[in-house]
Amino acid sequence: MVDWRLFDPLFEYARKRSMWIVSFCTGCGGIEMPPLATSRYDFERFGVMPNPSPRMADLFLITGYVTPKTLKRIIITYEMQPDPKYVLAHGSCPLNGGIYWDGYNAIKHLDKYIPVDVAIAGCMPRPEAVMDGIQKMMELIETGEADGWKRYKENYEWYRKNQDELFGEGWREKTARRWIPWLMDKKKEVKEE
Amino acid sequence: MMETALKALFILLYATFVGFMFMGIIRIVTARIHRRVGPPIYQPILDTIKLLSKKSNITHGVIYDFGVLYALGATILAIMFIPLGNIGVLRAYGDLILITFLLEIPMLGIMFAAMSSGNPYAGIGAQRALLTMLAIQVPLGFAIVALAEFYGTFSTYEIVMAQQVSGWSIAHLPLLLAAIAYDLVLQAMFGKEPFDIMIAPGEISLGPMVEFGGKHMGILQIQHAIALFAETLFFSNIFLGGAVVTTFASPVLNTIASLAILLVKQIAVLLVATFMGAIFPRFTIDQAAKFYWKWPTIIAALGAILASL
Ligand code: SF4
């Protein structure tokens, strides 16, 4: 067999230069995406491409505040992505609640539920700041420090505990059955075999 | 035997490489039309390497895996039949029809795989792709009939040879009409606007592609590159005169010259498709079907009638 570790620098370079993003435009930050993608800031120069399907995504952008309802979708979407995957949290809201710090229905620390690799502060961050975040992400990928997906696997118990504390046991199956029934049914078939 | 294998390998490598460059060119040209800088030309290669190096892979069963390979295999088979300058591996009487058919069945493979994933978006996408395929059959058939009628043969190689004597196909009126119809069909085969109904990124999340990720998508990227190369090559062979250079003494120089001429013609075909894609919005599926059954069909049928007179 070929020793694929030999090609790791090449793979890391390709991963760094070709990040396909799924953006979860929950909050105000979604409005920063159009200037980033079009001629003013043009992130396609770095190979970043908006992509609607979580199966092909590398970079998961969470652009704004997170409520329990969206958090369920975020977790399921995150788990649908193939490894390696990176998360970029956008704005103060996912960081510490931002202006919703005392809100009854906003998630204060996204970090407790899924691993965040790079967080951009600001309310809302200008496109320059987002570009800066993407640059930082590229650096981290190249040095191998963007290991959120590894952390998620290693500390799955902890993340799971936090998620279950918020939503109650069995939320994952319930939400997933509603949102991705074709996957859930298949899993059941496998179990029955 | 050995020589044929080497030729096949060369065609495969050349087609893959040039196909990736074509994908890069499409992205750069589209970006420039949008007044953006655009990615580097080797971006699709990086994308493919990244997709192939994904650490986890999701599969939905045997058909899901098989469909992807089926698509790649059909495309490779098609590229072996199309004469590339004076290199050709497979040659058969009637390969005009065979190639037309082979250029379409990769879509079927992708549809098998997409449907077996069970995703509703993939289902809608496959449905739309089938309808588009149905819509393009009519003008495509007439264009091919016009070509065969005019040259009196179903062999691609003989058509290329005949064009060396009598000038490019599009210099004759009936075939010019056929070429226009075929070019409109090509737009749907490339999956570019206004006929990118089946993948429609913002609308049905890439349609059939939505469940592919990791290595499956990597293989589909390679397939897409080869298919781009094959479709442009086929068009430049049957309508734009192909290229069979015999002026130099050494065969190697002849081959390089023919490849260069073909490359220029292929890029011309590609750019026309890219420009059309960049300036038009998307049709809905019924509009596309109506369009194909009206204008390109009339043009191609007229071509076929004129050719047989
Ligand atoms: S950080 Fe500010 S701009 Fe971003 S979602 Fe929160 S309130 Fe909106």
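Surface composition of chain B: carbon plus sulfur atoms contribute 75% of the solvent-accessible area (1.4 Å probe, protein chains only, all chains present). Springs join every pair of Cα atoms under 10 Å in this Gaussian network model of chain B, and among B:LYS215, B:LYS290, B:LYS265 the largest mean-square fluctuation is at B:LYS290.
In summary, the lysines within cross-link reach of B:LYS54, defined as a Cα separation below 20 angstrom excluding same-chain residues under 8 places away, comprise A:LYS16, A:LYS85, A:LYS150, A:LYS153, B:LYS215. Remark: relative contact order (the stretch A:13-183) = 21 percent; criterion is Cα-Cα distance under 8 angstrom and separation of 6 or more residues. Under the simplified labelling scheme, the B:ALA8-B:GLU104 pair shows an inter-label distance of 2.6 nm, with each label point 7 Å from Cα along Cα→Cβ. Pairs of C-alpha atoms in the protein assembly as shown farther apart than 39 Å represent 31 percent of all such pairs.
The H on the amide N of B:HIS60, modeled in the peptide plane, is under 5 Å from the matching H of B:ASP65, each at least 5 residues off or on a different chain. Over chain B, dividing the summed -39,500 (n - 2.57) contributions of all DSSP H runs of at least 4 residues by the number of residues returns a 222 nm mean residue ellipticity of -25000 deg cm²/dmol. The separation of the stretch B:16-49 from the stretch B:263-309, counted between C-alpha centres, amounts to 24 Å. Sparse packing (at most 14 other Cβ atoms within 10 Å of the Cβ) combined with a DSSP loop state is found for the following trypsin sites (Lys or Arg not before Pro) in the stretch B:34-83: B:ARG35, B:LYS55. Only DSSP H runs of four or more residues enter the estimate; each adds -39500 (n - 2.57), and after division by the residues of chain A the mean residue ellipticity at 222 nm equals -13500 deg cm²/dmol. Screening chain B for whole DSSP H helices with an alpha carbon extent of at least 24 angstrom along the helix axis and a mean Kyte-Doolittle hydropathy of at least -0.5 yields B:2-33, B:62-81, B:120-151, B:173-190, B:214-238, B:251-279, B:285-308. Relative contact order of chain B: 29 percent, from C-alpha pairs under 8 Å at least 6 residues apart in sequence. Out of every Cα-Cα pair that the stretch A:13-183 contains, those further apart than 21 angstrom amount to 46 percent. Note on A:39-48: average number of Cβ atoms from other chains within 10 Å of each residue's Cβ is 5. Descending by average beta-carbon neighbour count within 10 Å, the peptides A:157-165, A:93-101 line up as A:93-101, A:157-165, the highest first. Comparing B:ASP286, B:ASP95, B:ASP196 in a Gaussian network model of chain B where C-alpha atoms under 10 Å apart are linked, the largest mean-square fluctuation is found at B:ASP286.
Listed by chain and number, the aspartates and glutamates whose alpha-carbon sits under 17 Å from that of A:LYS69, ignoring those within fewer than 8 places in the same chain, are A:GLU79, A:ASP111, A:ASP164, A:GLU165, A:GLU169, A:GLU173. If you count the DSSP beta bridges with both ends in the protein assembly as shown, what percent of them are antiparallel, to the nearest 5? Of those bridges, close to 5 percent are antiparallel.
Would you kindly state the longest site-free stretch of chain B, with sites defined as chymotrypsin sites (Phe, Trp or Tyr not before Pro) in a DSSP loop (not H, G, I, E, B) surrounded by at most 15 other Cβ atoms within 10 Å? In short, B:94-247. Backbone amide hydrogens, once placed in the peptide plane, bring B:GLU104 within less than 5 Å of nothing, excluding anything fewer than 5 places away on its chain. Membrane-span-like helices in chain A, defined purely by DSSP H runs whose alpha carbon atoms cover 27 Å or more axially and whose average Kyte-Doolittle hydropathy reaches -0.5, do not occur.
Here is the list for the stretch A:1-82: trypsin sites (Lys or Arg not before Pro) lying in DSSP coil, each with at most 14 other C-beta atoms within 10 angstrom of its C-beta, are A:ARG40. For a paramagnetic label modelled on B:TYR42 (point 7 Å from Cα along Cα→Cβ), amide N atoms under 15 Å away belong, within the stretch A:33-51, to A:47.
The calculated pair-distance distribution of the stretch B:2-308 uses every alpha carbon pair, bins of 10 angstrom beginning at 0, and gives 6, 26, 36, 24, 7, 1 percent. Springs join every pair of Cα atoms under 10 Å in this Gaussian network model of chain B, and among B:ALA249, B:ALA278, B:ALA227 the largest mean-square fluctuation is at B:ALA249.
Dividing the mean sequence gap of close Cα pairs (under 8 Å, 6+ apart) by how many residues the stretch B:216-309 holds gives a relative contact order of 23 percent. On full extension, the segment bounded by A:ARG73 and A:LYS136 gains 20.1 nm, given 0.36 nm per residue less the C-alpha separation. Buried between B and A is an accessible area of approximately 2800 Å², summed over both sides with a 1.4 Å probe.
Accessible area per residue for the stretch B:209-288 is 37 Å², calculated with a 1.4 Å probe on protein heavy atoms, without ligands, DNA or RNA. Using alpha carbon centroids, what distance separates the stretch B:150-189 and the stretch A:91-113, in Å? First find each Cα centre; the distance between them is then 64 Å.
When you work out D = kT/(6 pi eta Rh) for the stretch B:33-129 at 20 °C and 1.002 mPa s, using the Kirkwood radius from C-alpha pairs as Rh and the Stokes-Einstein form, the result is 132 µm²/s.
Count Lys and Arg as plus one, Asp and Glu as minus one, and take only other residues whose Cβ is under 10 Å from that of A:TRP171; the net charge is then 0.
The values are calculated or read from the model by the stated rules, or taken from the named source; none is laboratory data. Quick caveat: nothing in here was measured; it's all calculated off a predicted structure. Every residue, glycine among them, receives a Cβ derived from its backbone with ideal geometry; neighbour counts consider all protein chains shown. Remember, those area values only see protein heavy atoms, side chains included, never the ligands or the DNA or RNA. Shrake-Rupley method; radii C 1.70, N 1.55, O 1.52, S 1.80 Å.
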